[in-house]
Ligand SMILES: [Zn+2]
């Protein structure tokens, strides 16, 4: 597993580098083909290609879908300062935890199924995408159409820090608040201007005050820009806001609040753009039931599975919002996703792969 993982991590694959993504898609497609999958590289002109592999099983049951992504947040060249390295039972490297270790677990599981001639109780679709880290703009329709065929979805994202699976995720929205004011000479005629920056300051505090509007709703004004020079009354200022919600209803409420923002500075206007790009993954009865079954299967392996929720989104948000029971966080145990300290705990690879195998053989 470490050998395959090292190879995948050394193949850098940032979300915006089509050439490297397409190369890795080819590597993964060949691997899945060798494991007995009917494999297709799905062309994506707006980004990297995706890989779909279908494995046969008794046709009278709808298939299972396993979701993974092979893009990372790390630009080409990161390996030079963050090489793959093993230290005190951990393997470090860009994308090792999020989520190349997961892909290796899946591939190795299929290899064991092949070697031991283990039969799955239903067909399996494996989808590896290339744009999860940028919100899955190209793969979303593919994810949704495949999930629509399936009985349930297993998502290979990293688990919570203690290894807990993820049965709820917040929805994620991104909004841009643009203020239009009126420029004027700061010395000659300041009174004829309308400061977009002063107005933005009011709106920033207003937006920040919406934090906690309902349980789990958070807003972060992460970027502000505006103005031209100290001696010019600023005509334009912009804020970028990240919004997280626990339910679809909260998403609608907070979006309405943001769109209804009213200017307080005479002569200024507010323009709001943006939307929720990932719906919340709500812990429905069907998801709770899927986790309960996974928990029983884990117990047979001597593993006590726990569950939790996270503010981060994944492709599981899309499938859960379609009503397809989704279990997320099935990746290796580790820490430091999107950070220099990114690593996996090496000894977690076999038991997590065993869990994935048992789920695929039992569910
Ligand atoms: Zn991920």
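The values are calculated or read from the model by the stated rules, or taken from the named source; none is laboratory data. None of the values given here were measured: they were computed from a predicted structure. Please note: Cβ atoms are built from the backbone with ideal geometry, for glycine as well, and neighbour counts cover all protein chains shown.
Restrict the check to segment 267-281 and report whether at least one residue is in a helix (DSSP H, G or I), more than 16 Å from the ligand (Cβ to nearest atom) and surrounded by 15 or more Cβ atoms within 10 Å (Cβ to Cβ).
Taking every residue of segment 267-281 in turn, none turns out to be in a helix (DSSP H, G or I), more than 16 Å from the ligand (Cβ to nearest atom) and surrounded by 15 or more Cβ atoms within 10 Å (Cβ to Cβ).
I'd like to know if segment 62-84 contains one or more residues that are under 16 Å from residue 4 (Cα atoms) and away from the ligand (no atom under 16 Å from the Cβ). Yes. Kindly establish whether residue 191 is more than 13 Å from the ligand (Cβ to nearest atom) and in contact (Cβ under 8 Å) with a residue 60 or more places away in the chain. No, not satisfied. Scoring residue 275 on the criteria (1) within 22 Å of residue 169 (Cα to Cα); (2) without any contact (Cβ under 8 Å) to a residue 60 or more places away in the chain leaves a single failure, condition (2).
Filtering segment 295-334 to residues that are more than 21 Å from residue 135 (Cα to Cα) and buried (at least 24 other Cβ atoms within 10 Å of the Cβ) leaves 332, 334.
Whether a residue is within 24 Å of residue 218 (Cα to Cα), under 14 Å from the mean Cα position of the chain (by Cα), within 14 Å of the ligand (Cβ to nearest atom) and crowded, with 19+ Cβ neighbours inside 10 Å was assessed, and residue 337 passes this test.
Just one residue in the set 313, 331, 302, 323 is in the same structural domain as residue 9 (by TED's automatic domain parsing), without any contact (Cβ under 8 Å) to a residue 12 or more places away in the chain and either within 15 Å of the ligand (Cβ to nearest atom) or in a loop (DSSP other than H, G, I, E, B) (or both); that residue is 302.
Quick test for you: out of 99, 105, pick the one residue that is within 16 Å of the chain's Cα centre (by Cα) and within 16 Å of the ligand (Cβ to nearest atom). Criteria check complete, one pass: 99. Screening the candidates 115, 101 for the property of being at pLDDT 95 or above, outside any loop (DSSP other than H, G, I, E, B) and surrounded by fewer than 20 Cβ atoms within 10 Å (Cβ to Cβ) yields one hit, 115. The single condition among (1) within 16 Å of the ligand (Cβ to nearest atom); (2) assigned to a strand (DSSP E or B) that residue 318 does not satisfy is (2). Which one is nearest to the ligand (Cβ to nearest atom), of the residues in segment 37-55 that are exposed (fewer than 15 other Cβ atoms within 10 Å of the Cβ) and at pLDDT 95 or above? Among residues in segment 37-55 that are exposed (fewer than 15 other Cβ atoms within 10 Å of the Cβ) and at pLDDT 95 or above, the one nearest to the ligand (Cβ to nearest atom) is 43. Reported count of residues in segment 236-260, each being surrounded by 18 or more Cβ atoms within 10 Å (Cβ to Cβ), touching a helix residue (DSSP H, G or I) at 6+ places or on another chain (Cβ under 8 Å) and outside any strand (DSSP E or B), is 1. The single condition among (1) part of a strand (DSSP E or B); (2) away from the ligand (no atom under 16 Å from the Cβ) that residue 153 does not satisfy is (2).
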